[in-house]
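So the structure is just underneath, and the comments pick up after that.
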Amino acid sequence: MTIADPFAALHPPTTIGMLGGGQLGRYAVMAARTMGYRTIVVDPDPSAPAAAVADDHLCTAYDDPAALRRLELDCDVVTTEFENPPAAALARLAETTRVAPSPAAVSIAQDRAAEKAFLVDNGFPVAPFAVLDDHGAVVDPSLVAGGAIVKTARLGYDGKGQRRVDDIAAVDAAWAQLGGVPCVVESLLDLETELSVIVARTADGRTTNWPVAENTHVDGILDVSIVPANVPADVVDRAEGLAMAVADALDYVGVLAVEMFVVADGHLVVNELAPRPHNSGHWTLDASVTSQFEQQIRAVCGVGLGATTMTSGGVAMVNLLGDLWGPDEPTWVDALDDPTAKLHLYGKVDARPGRKMGHITVRSSNAAEATRRALALRAAR
Ligand code: ATP
Ligand code: MG
């Protein structure tokens, strides 16, 4: 089998394969269905959120040869909703099938060391860092003098796989605690705020991006995203330019999120890349002409990209973590009663602390008012 023209527009009812069946996949599958595409989700979890809405669910490992064969035969394009599908599985699929984003782009974004090397090689700003691939890696003391974070190179998310350290001795201890796996250690920066820019790009190089989001994290987990970001216009322009340049440098196809730190004097530092729709773009479901999920489907299929214009003056999205669940399921009466709010629950059965169970989006004429109301609706649960 050879790959058909990678630039060809794939129209409905083309079948789209999705590696991963979490909430991001669920929204993408819903968007695909709305437009008349068919979908096949691969996820080993029988209760994967996306499985409930896909045409078919292959409930098996991401690298199961039989599942990959099925995708090859039945799908015109395969995409992913998380960064950790086995690189070998993606590469194998890409021999015969359109895969977007490319295995090369995903393998960069799934490994912090590779990601930092890519960013540095292409002249993008990153925090001072060192790679720890062996115990005893020599780290310049100046890197940790003001505090640092040791992060596993692979499989970290929501602040998992990270340890804060204050001196060189602690770096070794943190590395050992993290299992002695490859890590990066990066200087703790003094953050003015955090931004993310979500970009969609087609194989033939058409791009769109949404207005920049400003993000607040609690314990390494995204808590609140607001749009428009409360930063000067020139910071917004530079953030958007940076994200577009990263997408071009990766020859990226699909939706890419670029997480950034704003440090002293409005300088921007790229934190990390997510090769998929992003939690900080969930507001686009309710306050943008085109959601990030619809755009993912459009971009990987190479059809027209939708408008990314906001439909309200301001918007706020607050995450609902499993910590909010007590012995009784929250009823969210206030959120459901507020005509400006949208309640999203992902259908997850097990409400563990720190697990993303859903989110609330509030639209208003301005982001500050939207944030105030969204926080109140969450607190009322
Ligand atoms: P997520 O899955 O939410 O993106 P993650 O586990 O991939 O998180 P990071 O994005 O690397 O982890 O870090 C999580 C948060 O920790 C950042 O958004 C930021 O608030 C804080 N953080 C990470 N690195 C640094 C740093 N070098 N200096 C200051 N704060 C940092
Ligand atoms: Mg992050």
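Before moving on, here are some points about what is shown:
- Residues in region 184-204 that are of a type in the set (A, V, I, L, M, F, W, C), within 13 Å of ligand 1 (Cβ to nearest atom) and outside any strand (DSSP E or B) were compared, and the one that is surrounded by the most Cβ atoms within 10 Å (Cβ to Cβ) is Leu189.
- Residue tally, condition more than 16 Å from ligand 1 (Cβ to nearest atom) and either free of Cβ contacts under 8 Å to residues at least 40 places away in the same chain or open to solvent by 30 Å² or more (accessible area, probe 1.4 Å) (or both), over region 209-222: 2
- If you filter region 271-287 down to residues that are farther than 16 Å from Phe82 by Cβ and surrounded by fewer than 24 Cβ atoms within 10 Å (Cβ to Cβ), you find that the one that is nearest to ligand 2 (Cβ to nearest atom) is Asn271.
- Yes/no for Ala50 being surrounded by 15 or more Cβ atoms within 10 Å (Cβ to Cβ), under 24 Å from Ser288 (Cα atoms) and in contact with a Phe, Trp or Tyr (Cβ under 8 Å, 6 or more places away or on another chain): no
- Of all residues in region 250-294, those that are away from ligand 1 (no atom under 16 Å from the Cβ) and more than 26 Å from Asn366 (Cα to Cα) total 5.
- Residue within region 149-160 that is assigned to a helix (DSSP H, G or I), within 16 Å of ligand 1 (Cβ to nearest atom) and open to solvent by 60 Å² or more (accessible area, probe 1.4 Å) present: no
Listed here are the residues, each with its yes/no results for (1) in contact with a strand residue (DSSP E or B) (Cβ under 7 Å, 6 or more places away or on another chain); (2) modelled with pLDDT of 95 or more.
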| residue | (1), (2) |
| --- | --- |
| Met310 | yes, yes |
| Pro339 | no, yes |
| Tyr346 | yes, no |
| Thr361 | yes, yes |
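- Count of residues meeting criterion [open to solvent by less than 10 Å² (accessible area, probe 1.4 Å) and within 16 Å of ligand 2 (Cβ to nearest atom)] in region 246-270: 8
- Put simply, of Val139, Val144, Val126 the only residue that is surrounded by 15 or more Cβ atoms within 10 Å (Cβ to Cβ), away from ligand 1 (no atom under 13 Å from the Cβ) and over 29 Å from Pro353 (Cβ atoms) is Val139.
The values are calculated or read from the model by the stated rules, or taken from the named source; none is laboratory data. Please read all numbers here as calculations on a predicted model, not as lab measurements. Note: ideal-geometry Cβ built from the backbone for every residue, glycine included; neighbour counts use all protein chains shown. When the accessible area is computed, the model is the full protein with side chains, heavy atoms only, and any ligands, DNA or RNA have been set aside. Shrake-Rupley method; radii C 1.70, N 1.55, O 1.52, S 1.80 Å.
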